[in-house]
Each structure stands twice: as structure tokens, then as C-alpha cells.
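Below: one structure, written as C-alpha cells.
The values are calculated or read from the model by the stated rules, or taken from the named source; none is laboratory data. What you are looking at is a predicted structure, and each value in this text was computed from that prediction instead of being measured. Cβ atoms come from the backbone with ideal geometry, glycine included; neighbour counts cover every protein chain shown.
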Amino acid sequence: MAKYYPTIGLEIHAELKTQTKMFCSCKNNPDEEKPNVNICPVCMAHPGTLPVANKQAIENVIKVGLAIGGNIADFTEFDRKNYFYPDIPKGYQISQYKYPIVSGGHLADFDVTRVHLEEDTANNKHDRGDFSLVDFNRAGVPLMELVTEPKTFDASDDVAAKSASHFAKELQLILWYLGVSEANMEKGEMRVEANISVSEDKNVLGTKVEIKNLNSFKSVERGIKYELDRMVNLIESGKKDEIVQETRGWDDAKQSTFSQRKKESSHDYRYFPEPDLPKMKLHEAFEIEKMKGELPELPAEKRIRYKNDFGIKDEDIEMYINDPNLGQFFEIVCKNLEFQKEKVKIASNYLLSDLQGLKNKDKFKSNNTYNFSELVNMIFENKISSRVAKDLLVIMVDTGGSPLKIATEKDLLQKNDEGAIKAIVEKIISENPEVVATYKAGKENAIMSLVGKIIKESKGSANPQIVIKLLKELMG
């Protein structure tokens, strides 16, 4: 079978987090449920209205450019992208063409071509039977578009699809860390489109197809893999001519792509400079170097620091990276523990495996770093057993309070007094003659059944090492 080279290029739109829309003073509220309330003559394209650019939106795009190592343009301008559709009442979209705010950069496995700023369109509602409705709340919301260079993979379609999905995840993280977008894919705040081609010659690109409607990372991966497989099957069936340059949608229910329309080229949009907005000199309007120095720690940097400073597992690091609030809680706990690696590992284990599984955990995490740190110290110092630690954590989440105080009041502190433990051991031995006989017959693992019963009888307070020692002595 011939070897095929998949090529992937990505176009990702993200709605920016600003108080107002891109070119008017209407509220930018992605959670608004009532249709057509955040609108005005500007975003409804009434005759005679004039746009005014949102400075915060421009600053947000500059931050993204700096975060990915892109070049921030000195000169930039807005353009009119002309096309007709019900969701764009002006008959054109204010976007950027020749002079984007950001050019170049790199993230994950892809080089970035450009990052530019435009206005979002209205939202079409097609679920009304034989007619559609349009909600203009989203019309004019600042929309960042990032375009990557096409990347050819010398590997399978699985590798190419996963690489694209990984890039989208990394971009979402950067948007979160910079605080410039919520990038919630379920709400449509971040939308991924993939340009895909397949070739038998690594140096020659195949016919490009664009997939839209990729509204989750799984859809990105599955959609790309499906389309690459479709193209390869057509080529191998002698139907290469049926691969045409077009836009295809992704049907999540059917897990397949479908043809929507022939793909337009840039000249079809008749771009020309927006006459109602001034040209911009960004290096005069913004302190670019100062902004660069004020960037927060980004995910790639944080991964390295967590690995070097804490020595925790890669999968644990990713959980903290993907949940900044959880990561912040963890870091405060680490500081409380004076960054002692053994304690930090205990903290990470209980935080991710036990605390994460409890209800009301987020309320607890917001203001209980000290109590959690105290719990970790008690575990490290063998003041409580693992079983008691888990039980204490449940109580701490439900009612709050110091774990040391709770353990003291409930008599849960680990007992190291052999005399006190011996009475419980003797009781359990007398109640379980069959297990004792099995142990004496040579099946040494049977002792763990007795250990469990003793720990339970002591409400988790008996030191397991002392329990095992006493059991062996008393059972001979």
C-alpha cells in the first residue's frame, strides 16, 4: 500500500473577554439568554452609524502574540470582508487581511502564520421548522482568529489528528492563563476549523478541504481522522478527482463529515481597507516590552517548574495545568509545607485522588489550604493512618475545622502504645480462628485480613506496623 502524507492547517476563532463589543458600547455577555437585548444601531448596521475600535480587545490579541513568540505589527489596519449572509447585516465583516496584529510564532507542534482581530457574526437559529431566526447578541463581539502554517506529517492519520487536538488544547490554556478569553467550546466561545489534505508525495500538497463545526477536542480529533481516511479511500479506489476544494461540516451524531459548499478564495471576499476606522501604530499606542515583561507564567513554563521543584508525576502536573484554580490551591499548600518534596507528594496524592472525588470540594479548596496542609503534616508524621486521613478529609469538606482537633476529639490519632493495641489484637484473633488456622498452615497473606479487622476495630487509629508485629508474636 502506498504511503500517504497528511497535511493539517488550523484556523481557530476565540471570542475575547471584554466589557463591550468590538466596535460599539453594547455589553459583551456570552451568557445572555434573551435574544436581541445586547444590540444597538452600530452592531445592527443601521445607516449612518460609525464603528469605534475596542482598545482592550486589541491589547488581548497582542498578549496572545507575545505568549506564542509572534511579531507584533507596528502598522495595522482593519479591512472589510465582503459577503452576504443573514448573520452579517452590513453585507461585510470588519476583519483584518494584509496587516494582522500578530505574524509568526509557534505553539505545540505548529508554526503560527498570523493572529488577527475581527467582529463575530450573529447567531442563526435553524431549529424552528421551515424558517430561521437570528440573534444579534453575538454580532460585533471581538473575535480573535489564529491561523497556523500547514504541517505535513510523516506519520499516521492518528498522529496528525492528535497533534491538531493538542494544539487547540494548548491554545485554550494560554487564553485562560492570559485571562483574555473563556474559550468555552460548548458555548461556541472557541471554534476550530481544520484544513486537511493528503498526498502520496511529501513535497506536493493534495487538494485542501476545510472542516467546520468542530466544537470539542474529541470532534477535532475524530473529524480530522475521518476526513483523512475518506481521502485515502477515494485515492485508493481510483476516485481522486472526487476530492475537491470545499467546506465540509462535522456531524457529531453520525461521526462523519458532509459537504457544505465549495471553498472560497480570499479574492472572493473583495477585501479592502475599512474607511471608517483609523490606521493604527501599535508600538506607539501600547508599551509592548512592558506588556511582554508582565505576562503571567504560561503552561509550558509551569510544567518545567512543577517537574523540577515538586518531582510529581507528569499526569498530576497536567491536572494542575488544566485547572488553574486547583493548581493555585496546590501551590499554596506546597508553600505551607515549605516545599518539602516528600510532603508535597503526599499532598498531591490526597488532593487529586481523594479531595477531587468529594462534593463541595471547590468551596473547601477556596479557603482551606491551611487545614489541608495540617492534614498532610499529620500523615507525614504518622499521627494518623491513611484510612483516618481519608475520613478526616470528608469531615473537613462537609463541616470544616482543624484535622488535628477533629482527630483528637474523635480519638482517631494513631496509637503506638503496644499495650492498648494488644487488647484489640487478642480480641480479633479469638474471633477469627479459621483465619488464624489458615495463617498457621503457611498462607502468610491471611494475616492482612486480620490487620484490616483490627484497624477497623480501632477506628483506624492502630499503627499497622505495630499490629502486624503483635499478630506475628501472638500467632507464633
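Out of 40, 26, one residue alone is farther than 17 Å from residue 115 by Cα, surrounded by 20 or more Cβ atoms within 10 Å (Cβ to Cβ), at pLDDT 95 or above and assigned by TED's automatic domain parsing to the domain that holds residue 281. It is 26. Among the listed residues 202, 162, which satisfies the condition of being basic (Lys, Arg), surrounded by 15 or more Cβ atoms within 10 Å (Cβ to Cβ) and either modelled with pLDDT of 95 or more or farther than 15 Å from residue 68 by Cβ (or both)? Answer to the check: 162. When you check residue 352 against the structure, is it aliphatic (A, V, I, L, M), under 30 Å from residue 453 (Cβ atoms) and under 28 Å from the mean Cα position of the chain (by Cα), yes or no? It is true that residue 352 is aliphatic (A, V, I, L, M), under 30 Å from residue 453 (Cβ atoms) and under 28 Å from the mean Cα position of the chain (by Cα).
Within the stretch 92-116, the set of residues being in a loop (DSSP other than H, G, I, E, B) and either touching a residue at least 24 places away in the same chain (Cβ under 8 Å) or touching a helix residue (DSSP H, G or I) at 6+ places or on another chain (Cβ under 8 Å) (or both) comprises 97, 98, 99, 100, 101, 104, 105, 108, 109. Just one of the numbered conditions (1) of a type outside the set (Phe, Trp, Tyr); (2) under 21 Å from residue 23 (Cβ atoms); (3) surrounded by 21 or more Cβ atoms within 10 Å (Cβ to Cβ); (4) under 23 Å from the mean Cα position of the chain (by Cα) is not true of residue 119: (4).
May I ask you to verify whether residue 369 is polar (S, T, N, Q) and closer than 16 Å to residue 332 by Cβ?
Yes, satisfied.
Residue 460 fulfils the conditions (1) modelled with pLDDT under 80; (2) assigned to a helix (DSSP H, G or I); (3) closer than 22 Å to residue 343 by Cα; (4) of a type outside the set (Asp, Glu) except for a single criterion, (2). Close contacts from the stretch 306-326, counting a first residue that is farther than 13 Å from residue 352 by Cβ and in the same structural domain as residue 337 (by TED's automatic domain parsing) and a second that is at pLDDT below 95 and among the basic types (Lys, Arg), with Cβ to Cβ under 6 Å and a gap of 6+ residues or different chains, come to 311/341. Residues considered: 456, 383, 469. Of these, the only one that is closer than 26 Å to residue 351 by Cβ and outside the structural domain of residue 340 (by TED's automatic domain parsing) is 456. When the stretch 343-382 is examined, which residues are found to be of a type in the set (Val, Ile, Thr) and either at pLDDT 95 or above or out of contact with any helix residue (DSSP H, G or I) (no Cβ under 6 Å at 6 or more places or on another chain) (or both)? Correct list: 344, 346, 376. Among the numbered conditions (1) surrounded by 19 or more Cβ atoms within 10 Å (Cβ to Cβ); (2) under 23 Å from residue 176 (Cα atoms); (3) β-branched (Val, Ile, Thr), the only one that residue 379 does not meet is (2). For the structure I just gave you, tell me whether residue 72 is in contact with a Gly (Cβ under 7 Å, 6 or more places away or on another chain), among the hydrophobic types (A, V, I, L, M, F, W, C) and closer than 23 Å to residue 139 by Cβ. It is false that residue 72 is in contact with a Gly (Cβ under 7 Å, 6 or more places away or on another chain), among the hydrophobic types (A, V, I, L, M, F, W, C) and closer than 23 Å to residue 139 by Cβ.
Filtered by the rule that a residue be within 23 Å of residue 169 (Cβ to Cβ) and either surrounded by fewer than 20 Cβ atoms within 10 Å (Cβ to Cβ) or in contact with a Pro (Cβ under 8 Å, 6 or more places away or on another chain) (or both), the stretch 319-352 gives 319, 321, 322, 323, 324, 325, 326, 327, 328, 331, 352.
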